[in-house]
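I have placed the structure first, in the form of structure tokens, so that the comments after it can refer back to it.
Just so you know, all these numbers are worked out from the coordinates, no wet-lab data involved. Please read all numbers here as calculations on a predicted model, not as lab measurements. Cβ coordinates were reconstructed from backbone atoms using ideal geometry, including for glycine residues, and neighbour counts include every protein chain displayed.
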Amino acid sequence: MTNITFANPSYLWFLLIIPLLVLFYILRQRKTTPSLTYSNVQQLRDMQGSARLFLRHILFAFRMIVISLLVIIMARPQSTDYWEDVSTEGIDIILAMDISSSMLARDFKPDRLEAAKNVATEFISGRPYDRMGLVIFSGESFTQCPLTTDHAVMINLMREMQSGMIEDGTAIGLGLATAVNRIKDSEAKSKVIILLTDGVNNRGEIAPVTAAEIARTLGVRVYTIGVGSRGIAPYPVQTVAGIRYRNMQVEIDEEVLKEIADMTGGKYFRATDNQSLNEIYREIDTLEKSKINVQEFSRKKEEYIPIAIILTALLILEIFLRYTVLRKFI
């Protein structure tokens, strides 16, 4: 953002002289106007109507503009660019998201995975000063986006993720372990993992509680979110005729998710629809607020040169008119 300021604003008071000079000029013109008697005043009227005679007042107008610009130059106009250098105590956040086929269940709109992606995108956009990363898991896990402050890149990578990218299944322990591995070297004062899943751990070499113990040892806090309505939900099922949806019992290992959260100092949440999922992310956002120290810097640039150029041009024009076109009217 650019603002115009003055290094010596007190000089601007001299602009009050301009109205006084104008008043003095008007009074002097009245006093110096000759009183003549003519038997025929038509010639005088023609003379008074002459454009060249009227233009003699332009010399005075130019002189007033020149004085005004000179005062402004003395006040030293400066353009000031402001920007912020933001330093934070720092929160690094890894989103560990389940992309197994069950995340395509339609108890959320349009489905669990898309709902989770939409809410997570809003969460990322609302925390511009935090480093964030993305780990995805189903039967396997990998890092979709390492810790970064380039949230636009992370959001794009999140939008690209879809069920079926890796082997199907629900490896909660492996997904959490991958997230812990990504954040363990962080120097942030607060290291957080938000783990979202809709099922029960059934794959992977690492048990969820084992991964939680590693997280606790490294000072990583884990918030866990169980996604799925209570009772039954329409799940996608592969048939001869293609994908069909069948109502099946929702099974989420809430005990394990609660244990992970309790062990690491986090909290467990249950999302049963889009609204509750949105509210959960808002609560986590409130619980994990960055402490930001903002320092304001500015860069000043002298802006008198364009004004000086205009002043010089007007001064040259006044001199030219005074001694050429308007000489006989002075």
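Here are a few things to note about the model shown:
- Each other residue within a Cβ distance under 12 Å of residue 247 adds +1 if Lys or Arg and -1 if Asp or Glu, for a net charge of +2.
- The amide H of residue 248, built 1.01 Å from its N in the peptide plane, has 233, 235 as neighbours under 5 Å, considering only residues 5 or more places off or on other chains.
- Relative contact order (%) - criterion: Cα under 8 Å, at least six apart; region: the stretch 90-290: 24
- For the residue pairs 258/289; 109/289; 109/184; 117/258; 109/189, the C-alpha atoms sit more than 27 angstrom apart in 109/289; 109/184; 109/189.
- Two-site FRET efficiency, residue 122 against residue 239, from Cβ-Cβ distance with R₀ of 51 Å, rounded to 0.05: 0.90
- Inter-probe distance in nm under a simple model that places probes 7 Å from Cα toward Cβ, at residue 181 and residue 142: 1.2
- Using C-alpha pairs below 8 Å separated by at least 6 residues, the relative contact order for the stretch 174-300 is 25 percent.
- The simple Förster model, with R0 at 22 Å and r as the Cβ-Cβ distance, assigns residue 70 and residue 3 a FRET efficiency of 0.45.
- Put in order of Cβ neighbour count within 10 Å, fewest first, the listed residues 135, 227 become 135, 227.
- The alpha carbon gyration tensor of the stretch 99-229 gives principal lengths a ≥ b ≥ c with a/c of 1.5 or higher and a/b no greater than b/c, which makes the shape oblate.
- Ranked list, fewest to most other Cβ atoms within 10 Å of each Cβ, for 111, 198: 111, 198
- Here each label is just a point 7 Å from Cα along the line to Cβ, and for residue 58 and residue 278 those points are 6.5 nm apart.
- 5 angstrom amide H check on residue 190, placed H, neighbours 5+ away: 92
- Segment residue 167-residue 287, length gained on full extension (0.36 nm per residue, minus Cα span): 39.8 nm
- Counting beta carbons within 10 Å around each of 187, 167 and listing the fewest first gives the order 187, 167.
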